[in-house]
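Asker: Let me begin by handing over the structure; questions about it come next.
The values are calculated or read from the model by the stated rules, or taken from the named source; none is laboratory data. On a predicted model such as this, the values are computed, not experimentally measured, just so you know. All Cβ positions, even for glycine, are placed from backbone atoms using ideal geometry, and neighbour counts span all protein chains on display. Keep in mind that these areas ignore ligands, DNA and RNA; they rest on the heavy atoms of the full protein, side chains included. Shrake-Rupley method; radii C 1.70, N 1.55, O 1.52, S 1.80 Å.
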Amino acid sequence: MRKTIIAGNWKLYKTINEAIELSNGLMRDLFKIDSQGIDIVLCPPFTALSSVSEVILESNIYLGGQDLYWVDEGAFTGEISGKMLKDAGCSFVIIGHSERRQFFGETNETVNKKIKAAIVNSLTPIVCVGELLKEREAGKTFDVLKDHVQNGLTGIDKEDILKIVIAYEPVWAIGTGKTATPVQAQEAHKYIRDLLAKLYGQDIADQIRIQYGGSVKPDNIVELMKQPDLDGALVGGASLQINSFSEIVKKALEVIK
Ligand code: 13P
């Protein structure tokens with residue numbers, strides 16, 4: 001049985017004080033829930049990691065970074081390493097988000113190096129994959145998913161693949177309010193799981209968590225979570241408000257697999 005994982009990607013939002021306020025509010029709302037069945041992860045900007053880490057210390061909420069560089073230390077101005085994320089209290093790290101692929105030159109090759117660096121530093125990588133609108137319209141969704149999954153995971157063995165979470169984020173659904181339908185999401189998740197089964201065997205593929213991301217809101221989380229291959233959500237906009245993120249977590253918990 002795969003444990004549900006709901007993560008909030010705060011992107012380029014929240015000053016330190018705002019991040020403390022948001023995480024304090026989430027602590028109040030989520031501290032008492034039965035967290036046995038769910039991993040809750042907050043991914044603030046780098047500047048707020050330490051402050052949020054203090055707020056959620058010894059709680060049922062985990063901390064994650066939004067990116068990392070694959071070298072632990074060195075002359076790489078502006079970069080943050082896995083070792084530094086770990087030091088700041090992180091257990092997770094988002095890798096290969098479409099915004100990084102689109103605007104910052106992220107490739108399958110850099111994604112692959114980052115996944116390996118995350119694992120070495122005992123961080124759980126949340127590896128994002130997903131197609132652009134024009135790729136979907138051209139009938140290339142599965143080709144893109146195959147490219148992202150297969151090439152992003154090059155050299156990752158059976159032991160390490162179990163330490164990874166995959167996030168399917170169709171780019172056309174990110175920040176647009178246009179969520180993939182539960183059927184579209186399930187179809188993509190099933191394709192990814194079948195591909196993982198070809199690469200690693202069915203038994204391992206059945207254990208890998210695949211989150212959905214793209215305009216997830218309190219009013220669509222339940223139908224999405226009911227899909228058999230959907231194991232959680234990576235939430236952008238709706239993770240920036242206490243009420244909407246807590247509601248998403250609570251509603252996800254209600255869906256018993
Ligand atoms: P939205 O929930 O704002 O569409 O963002 C999704 C996302 O990119 C999460 O990583």
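Asker: Pull up segment 203-226, narrow it to residues that are in contact (Cβ under 8 Å) with a residue 60 or more places away in the chain and closer than 23 Å to Asp29 by Cα, then point me to the one that is nearest to the ligand (Cβ to nearest atom).
Answerer: Gly213
Asker: Got a number for residues in segment 209-231 being open to solvent by 10 Å² or more (accessible area, probe 1.4 Å) and over 11 Å from the mean Cα position of the chain (by Cα)?
Answerer: Total meeting the criteria: 11.
Asker: Which of the residues belonging to segment 28-43 are open to solvent by less than 30 Å² (accessible area, probe 1.4 Å) and either over 13 Å from Ile248 (Cβ atoms) or small (Gly, Ala, Ser) (or both)?
Answerer: Of everything in segment 28-43, those that are open to solvent by less than 30 Å² (accessible area, probe 1.4 Å) and either over 13 Å from Ile248 (Cβ atoms) or small (Gly, Ala, Ser) (or both) turn out to be Asp39, Cys43.
Asker: Which condition from (1) surrounded by 20 or more Cβ atoms within 10 Å (Cβ to Cβ); (2) in contact with a Ser or Thr (Cβ under 7 Å, 6 or more places away or on another chain) is the one that Ala117 breaks?
Answerer: That leaves (2) as the condition not met.
Asker: So, in segment 123-145, of the ones that are over 19 Å from Gln207 (Cα atoms) and either open to solvent by 70 Å² or more (accessible area, probe 1.4 Å) or assigned to a strand (DSSP E or B) (or both), which residue ends up nearest to the ligand (Cβ to nearest atom)?
Answerer: Leu133
Asker: Still on this structure: Need pairs with beta-carbon distance below 7 Å; first residue over 17 Å from Asp157 (Cα atoms) and within segment 181-201, second open to solvent by 10 Å² or more (accessible area, probe 1.4 Å) and assigned to a helix (DSSP H, G or I); sequence gap 6+ or separate chains.
Answerer: Listed by first residue and then by second, the contacts come to Pro182/Glu223; Ala188/Thr141; Tyr191/Phe142.
Asker: Assess whether Asp229 counts as being in a loop (DSSP other than H, G, I, E, B), at pLDDT 95 or above and either more than 21 Å from Trp10 (Cα to Cα) or within 14 Å of the ligand (Cβ to nearest atom) (or both). Can you show your working first?
Answerer: On the way: in a loop (DSSP other than H, G, I, E, B): yes; at pLDDT 95 or above: yes; either more than 21 Å from Trp10 (Cα to Cα) or within 14 Å of the ligand (Cβ to nearest atom) (or both): yes.
Here the answer is yes, as Asp229 does meet what is asked.
Asker: Restricting to segment 157-168, what's the tally of residues that are open to solvent by 10 Å² or more (accessible area, probe 1.4 Å) and not in a helix (DSSP H, G or I)?
Answerer: Matching residues across segment 157-168 total 3.
Asker: Among the residues of segment 122-159, which ones are farther than 20 Å from Asp194 by Cβ and in contact (Cβ under 8 Å) with a residue 40 or more places away in the chain? Before the answer, list the steps.
Answerer: Step one: list which residues in segment 122-159 are farther than 20 Å from Asp194 by Cβ, which gives 122-126, 132-134, 137-138, 155, 159.
Answer for segment 122-159, where residues must be farther than 20 Å from Asp194 by Cβ and in contact (Cβ under 8 Å) with a residue 40 or more places away in the chain: Leu123, Thr124, Pro125, Ile126, Leu132, Gly155.
Asker: Does at least one position in segment 240-255 carry a residue that is away from the ligand (no atom under 16 Å from the Cβ), among the basic types (Lys, Arg) and either in contact with a helix residue (DSSP H, G or I) (Cβ under 8 Å, 6 or more places away or on another chain) or assigned to a helix (DSSP H, G or I) (or both)?
Answerer: Yes, segment 240-255 has at least one match.
Asker: Before we move on, is Met1 open to solvent by 70 Å² or more (accessible area, probe 1.4 Å), away from the ligand (no atom under 16 Å from the Cβ) and under 23 Å from Glu169 (Cα atoms)? Reasoning before the result, please.
Answerer: On the way: open to solvent by 70 Å² or more (accessible area, probe 1.4 Å): yes; away from the ligand (no atom under 16 Å from the Cβ): yes; under 23 Å from Glu169 (Cα atoms): yes.
Yes; evaluated as a whole, the condition is true for this residue.
Asker: Being under 12 Å from Leu153 (Cα atoms), more than 16 Å from the ligand (Cβ to nearest atom) and out of contact with any Asp or Glu (no Cβ under 9 Å at 6 or more places or on another chain) is the filter here; which residues of segment 108-121 pass it?
Answerer: The answer is Glu109, Thr110, Asn112, Lys113.
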